[in-house]
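The values are calculated or read from the model by the stated rules, or taken from the named source; none is laboratory data. All values derive from a computational prediction rather than experimental measurement. Reconstructed Cβ throughout: ideal geometry from the backbone, glycine too, with neighbour counts over all protein chains shown.
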Amino acid sequence: MRKTSQIDGGCDFAADPNCSGLIRPIFWTSQVDPAVLTLAPGPTPTEGIGIRPDDLRAGVLVEHDPTLVRIAVQREPYDIAFDNVGGSPALAAVVMLDDLTPDRLIALSRFWSAIAGKPVPPDPRMTDQRRQRARHMLRAVDARATGATYRAIAEGLFPHHDVESAAWVGTAIRETTIRLVRDGLKLVRGGYRSLLRRARRDR
């Protein structure tokens, strides 16, 4: 539901302007985030019981609008985009065929495991290693923006490594720090959406 602001002329906003962006739930489209599952009316299963829209809506955590919701299954969130489901007795998954199809299939497999009551594999997009590197990249970019040298940044990020000036040039830590700044700049200039996808060597 769109909100209006009494202090800004009563204009409509797509989100509540009184709600901080730091706590506002973010919803991505399925074109951008391969983990957004598009569900549409499907054929009635010949065996077992199909999943109905109402079955999933019972677990809604956040609703962007009636067609895009975040639900909880086995205490894990999943973003669902409903495509003209109405009162459909059964749902089918629509998987877009593009460069991200493998990622979409992984997301669908994890969701199926969750609703089937099976163990859910970890999300391969944000591993502990990738999360730690993202933190280092953002810290490196912030430090560089304030005028810090690469060596000073390395001293802050890797306090247990020797970054003395005499041994600085040509060290692996120096090259790592430069890459963190370079990749961090890509991240803050729009590349952050790559975090929605599995890491690839060609990205």
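Taking the residues in segment 169-194 that are small (Gly, Ala, Ser) and not in a helix (DSSP H, G or I) as candidates, determine which candidate is modelled with the highest pLDDT.
Applying the first criterion (small (Gly, Ala, Ser)) to segment 169-194 yields 170, 172, 184, 190-191, 194.
Going one step further and asking which of them are not in a helix (DSSP H, G or I), we end up with 170, 190.
On the way: Gly170: 79, Gly190: 89.
Step by step, filter segment 169-194, then rank; the result is Gly190.
If the requirement is being closer than 27 Å to Arg24 by Cα and surrounded by fewer than 16 Cβ atoms within 10 Å (Cβ to Cβ), which of these qualifies: Thr46, Thr127, Thr38?
Thr127 is the lone residue from the list that is closer than 27 Å to Arg24 by Cα and surrounded by fewer than 16 Cβ atoms within 10 Å (Cβ to Cβ).
Which numbered condition in (1) more than 30 Å from Gly50 (Cβ to Cβ); (2) under 16 Å from the mean Cα position of the chain (by Cα); (3) of a type outside the set (Asp, Glu) is the only one that Leu196 fails?
Failed condition: (1).
Only one of Phe111, Phe82 is surrounded by 14 or more Cβ atoms within 10 Å (Cβ to Cβ) and over 23 Å from Arg200 (Cα atoms). Can you tell me which?
Phe82
Looking for whichever is surrounded by 14 or more Cβ atoms within 10 Å (Cβ to Cβ) and in contact with a Pro (Cβ under 7 Å, 6 or more places away or on another chain) here; the options are Arg151, Arg197, Arg133, Arg139. Which one fits?
Arg197
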